[in-house]
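Derivation of every value follows stated rules applied to the coordinates shown; laboratory data play no part. Please read all numbers here as calculations on a predicted model, not as lab measurements. Every residue, glycine as well, gets a Cβ built from its backbone with ideal geometry; the counts of neighbours run over all protein chains shown.
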Amino acid sequence: MGEAVVKVENLTYSYPRRENVLVNVSFEVKKGEVLGIIGPNGAGKSTLCKALNGLVPHFYGGRIGGKVVVAGMDTMKHTVAELSTKVGLVFQDPEDQMSGLALTVYEEVAFGLMMLGFPREEIDARVRDAIKKVGLGGLEGRSPFELSGGQMQRLAIATVLAIKPEILVLDEPTAQLDPIGKFEVFSVIKKLAEEGSTIVVVEHEIEELATFADNILLLDEGRVRAYGSAREVLEKVDQLRKYGVDPPSVTELTYILNKEVGTDFEIPITIEEAYKIYAEALGVS
């Protein structure tokens, strides 16, 4: 991993009518790293995402303390427009990301680039590359509102990728999707992670997050309750339960076996790890 491209130091934030949504939050994300953010509803996860691209506090107002630096830019010293070229934010509901003006998938991906004044040739190259990365090739001429939920969320990701931000922030990108849509979106996120993108993703699907996140930050009542490698955080079943987060199923199963039956299995956090551990124990090759 490279140098830190996200540095959050003692971030404390209150909305105009809601106190202490974030309290002394600190973490770093290095170039090419994937940080997963987990926690119960109301923990402050979405607010933290908005703080990374300046929407908090520039758009929402309120009181802020501490420091947020993304791609070398202090969010308090730069506008949301400036920060948007460095930090791409994908929302829960893909319809919130649509311009409402574009008639086709191609035009939707091109819209932001046009607003930023990119030359036509570069717009075309970036649009085609972004559409290819999210697997929407062949749908360039379709209306965004004729897409399935998974396709529309992938389109939302493409509109952000076309800007080529240094950091991609996804706020529960699969929350509104059916199982097929979830699979489609996770496939794209995993591919981007494998290609070395710097990603911050809020997600309730812990099993999926365990397969590609480098580090995990557990947030509850606006405070960091745990922060470390995915294994360090996710294998602590009691801690996750305490803060209202369901552990990966295989992690919880193995934890229960060790505690109740007296086995001494290594704690897995993914299905692949669990298969290897149990196959070895059973003598299955």
Discussion item. How are the alpha carbon pair distances in region 179-271 distributed across 5 Å bins from zero to the largest one, expressed in percent?
Written reply: 2, 13, 22, 23, 17, 14, 6, 2, 0
Worksheet item: Roughly how many Å is it from the Cα centre of region 1-52 to that of region 234-285, as a whole number?
Response: 29
Response to the item:
Expected unfolding gain across residue 103-residue 31 under the 0.36 nm per residue rule, minus the alpha-carbon gap, is 22.4 nm
Worksheet entry | For region 77-153, the Rg and Dmax computed from alpha carbons only, in angstrom | 12.8, 41
Item to complete: Step through the residues of region 142-147 one at a time and calculate ³J(HN,Hα) from phi using the Karplus curve (6.51 cos²θ - 1.76 cosθ + 1.60, θ = phi - 60°), rounding each to whole Hz and writing x for Gly and Pro.
Response: 7, 5, x, 8, 9, 7
Worksheet item: Using mean Cβ contacts within 10 Å as the protection proxy, how do 195-203, 176-184 order, highest first?
Response: 195-203, 176-184
Response to the item:
In whole Hz, the Karplus estimates of ³J(HN,Hα) for region 92-97 (6.51, -1.76, 1.60; θ = phi - 60°; x where Gly or Pro) are 4, 9, x, 5, 5, 8
Worksheet item: When a footprinting reagent is the concern and you count Cβ atoms within 10 Å, what order do 123, 157, 256 take, fewest first?
Response: 256, 123, 157
Worksheet item: Between 32, 65, 138, which gets the highest mean-square fluctuation from a Gaussian network model of the chain, Cα cutoff 10 Å?
Response: 138
Practice prompt. Name the long-range amide H neighbours of residue 170: under 5 Å, sequence gap of 5 or more, or other chain; modelled H, no Pro or chain starts.
Written response: 90, 200, 201, 202
Response to the item:
So for R0 = 35 Å, FRET eff. of residue 264-residue 180 from the Cβ-Cβ r, to 0.05, ends up at 0.35
Item to complete: Two decimals is fine: what's Rg over Rh for the chain, C-alpha atoms, Kirkwood radius as Rh?
Response: 1.00
Worksheet item: Fully extended, how many nm does the chain gain between residue 124 and residue 145 (0.36 nm per residue separation, minus their Cα-Cα distance)?
Response: 5.4 nm
Fill in: Order of 270, 104, 254 under a 10 Å beta carbon neighbour criterion, fewest first
104, 270, 254
Worksheet, complete the sentence: Of all DSSP beta bridges having both residues in the chain, the percent classed as antiparallel (nearest 5) is 55
Item to complete: Return the FRET efficiency for the residue pair residue 71, residue 114: r is the Cβ-Cβ distance, R0 is 22 Å, and the value is rounded to the nearest 0.05.
Response: 0.45
Worksheet entry | FRET efficiency for residue 24 and residue 63, using Cβ-Cβ distance with R0 set to 22 Å, rounded to 0.05 | 0.95
